[in-house]
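Here's the structure, in structure tokens; my notes come after.
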Amino acid sequence: MDYFYVKALHIIFVVTWFAGLFYIVRLFIYFAEAAEKPEPERSILLEQFKIMQKRLWYGITWPSAVLTLIFGLSMWHLFGGTPNWLIWKLSFVVGLYVYHFLCHAIFKQQQQGILKYSSTQLRIWNEVATLFLISIVFLVVLKNTLSMVWGIIGLILFSAILMLAIRIYKRVREKTK
């Protein structure tokens, strides 16, 4: 019974963590675009986005990442084993934490007014979390029934479609300017 309570809490914090990861990168994009605006709009927007980033990052995203880890490790302990699908899932989870730390680096840069990435680069970066989400959910739901070959092919195809969608969106945006 404890396992299911821990699992429910784990899922809740995974959802809030991903919400924070998706939204923080959107704020990075808005910050990069605001930096191109004329004054005084530029400074007003940049200050507002810094506040929004800080509240989201420290109020939702970081706590959710920590609680996801705590409940995930607890669930693993209560589960009592490590099947092959779980090893793959944990590999993607490690990658997701690396992504989180890289987002933290971008957050710190933008808090200091440093812009190293364009809004287009950040739009691509935003899709990395989507790839982790899809990979992890498919592994958890399908477990051993998922053929790794088909999973990798599907992930590559999905990545290509995302990149194409980003290019199309960029062209549409440039035409409307």
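Conditions tested, residue by residue: (1) closer than 30 Å to Lys7 by Cα; (2) polar (S, T, N, Q); (3) without any contact (Cβ under 8 Å) to a residue 60 or more places away in the chain.
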residue: Leu69; (1), (2), (3): yes, no, yes
residue: Pro83; (1), (2), (3): yes, no, no
residue: Val94; (1), (2), (3): yes, no, yes
residue: Cys103; (1), (2), (3): yes, no, no
residue: Lys108; (1), (2), (3): no, no, yes
residue: Leu155; (1), (2), (3): yes, no, yes
residue: Phe158; (1), (2), (3): yes, no, yes
residue: Glu174; (1), (2), (3): no, no, yes
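With the requirement that a residue be touching a Lys or Arg at 6+ places or on another chain (Cβ under 7 Å) and under 20 Å from Ala65 (Cα atoms), what does the range 91-123 give you?
none
Given the residues Glu33, Glu47, which is the only one that is of a type outside the set (Val, Ile, Thr), surrounded by fewer than 19 Cβ atoms within 10 Å (Cβ to Cβ), touching a Ser or Thr at 6+ places or on another chain (Cβ under 6 Å) and not in a loop (DSSP other than H, G, I, E, B)?
On the way: Glu47 fails: touching a Ser or Thr at 6+ places or on another chain (Cβ under 6 Å).
Only one candidate qualifies: Glu33.
Filter the range 23-60 down to the residues that are farther than 30 Å from Phe13 by Cβ and small (Gly, Ala, Ser) and list them by number.
The answer is Ala34, Ala35, Ser43.
Mind checking whether some residue in the range 91-101 is of a type in the set (A, V, I, L, M) and either more than 17 Å from Leu139 (Cα to Cα) or touching a Phe, Trp or Tyr at 6+ places or on another chain (Cβ under 7 Å) (or both)?
yes
Would you kindly identify the helices (runs of 4 or more DSSP H) lying entirely within the range 73-177 that contain at least 3 residues that are loosely packed, with under 12 Cβ neighbours inside 10 Å?
84-111, 148-176
Select, from Tyr58, Tyr99, the only residue that is closer than 20 Å to Thr16 by Cβ and free of Cβ contacts under 8 Å to residues at least 60 places away in the same chain. First the steps, then the outcome.
Details: Tyr99 fails: free of Cβ contacts under 8 Å to residues at least 60 places away in the same chain.
After ruling out the rest, the residue left standing is Tyr58.
Just for the range 86-124: of the residues that are among the aromatic types (Phe, Trp, Tyr) and at pLDDT 95 or above, which one is nearest to the chain's Cα centre (by Cα)? Give the steps one after another, and end with the answer.
Step one: of the range 86-124, the residues among the aromatic types (Phe, Trp, Tyr) are 88, 92, 97, 99, 101, 107, 117.
Subsequent filtering for residues that are at pLDDT 95 or above retains 97, 99, 101, 107, 117.
Working: Tyr97: 9, Tyr99: 7, Phe101: 11, Phe107: 13, Tyr117: 17 Å.
Restricting to residues being among the aromatic types (Phe, Trp, Tyr) and at pLDDT 95 or above, the top hit is Tyr99.
The values are calculated or read from the model by the stated rules, or taken from the named source; none is laboratory data. If you're wondering where the values come from, they're calculated on a predicted model, not measured in any experiment. Please note: Cβ atoms are built from the backbone with ideal geometry, for glycine as well, and neighbour counts cover all protein chains shown.
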